[in-house]
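Contents: one structure, followed by commentary.
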Amino acid sequence: MSLPPDSPRAVVATTLLALLAGDAAALGRCFAEDAVLEFPLSAEPATPTRIEGRNAICNMAAALAERFRRDGTRLRRLETMTVHETADPEIVVAEFAAPSEAGAGAPEFEAPGEAGMSDPGRPSPDSQVFRVRAGQVHLLRDYLGPGPRSTPLEPRRIRSFSGSAWG
């Protein structure tokens, strides 16, 4: 049985496929004009914890894609994918691990801002919470983990967040 293309689960699948392809334009088409993308656990000062609007999300995705191209890395696949539907029909949670492929002489992909902190060749864990309405992502909270560690992350490197789960 196939899902309607505008169902939350199908929109999440389309969004993740665009991410894997490194296609910023296709990724942008998944988001509503006033969408919000959040990285509540981002440890990289250069990565904003909140990006508002489809255009800003597209610009960020294009910049990250260019950075990965320049570094010779790419996201290979999503492993151990689990998708959870919730009591709220607009909310879908995706959990997975994200390994990557490095070009000749390039370092293995690591979560942005986490260079040197993950064990080489091990995938980074990720949990993403989507709010999908009318066939578009209105909110995506990306809880990208830094990957397996040989030493714990210093407490000052972890950003905290507070308030309602949906603003």
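The values are calculated or read from the model by the stated rules, or taken from the named source; none is laboratory data. Because the structure is a prediction, the values reported are computed rather than measured. Glycine also receives a Cβ, built like all others from the backbone with ideal geometry; neighbour counts cover every protein chain displayed.
Observations
- Scanning region 14-34 for residues that are assigned to a helix (DSSP H, G or I) and touching a strand residue (DSSP E or B) at 6+ places or on another chain (Cβ under 8 Å) turns up Thr15, Leu16, Leu19, Leu20.
- Output for region 79-108, where each listed residue is among the hydrophobic types (A, V, I, L, M, F, W, C) and at pLDDT 80 or above: Met81, Val83, Ala87, Ile91, Val92, Val93, Ala94, Phe96, Ala97
- Screening the candidates Ala65, Ala10 for the property of being in contact (Cβ under 8 Å) with a residue 40 or more places away in the chain and assigned to a helix (DSSP H, G or I) yields one hit, Ala65.
- Within region 41-60, residues that are over 11 Å from Phe31 (Cα atoms) have Cβ atoms under 6 Å from residues that are assigned to a helix (DSSP H, G or I) and not aromatic (Phe, Trp, Tyr) in these pairs: Ala43/Arg157; Ile51/Ile57; Ile51/Met60, counting only partners at least 6 apart in sequence or on another chain.
- Members of region 40-59 found to be in contact with a helix residue (DSSP H, G or I) (Cβ under 6 Å, 6 or more places away or on another chain) and assigned to a strand (DSSP E or B), listed by number: Ile51
- Any chance Leu37 is outside any loop (DSSP other than H, G, I, E, B) and either among the basic types (Lys, Arg) or crowded, with 19+ Cβ neighbours inside 10 Å (or both): yes
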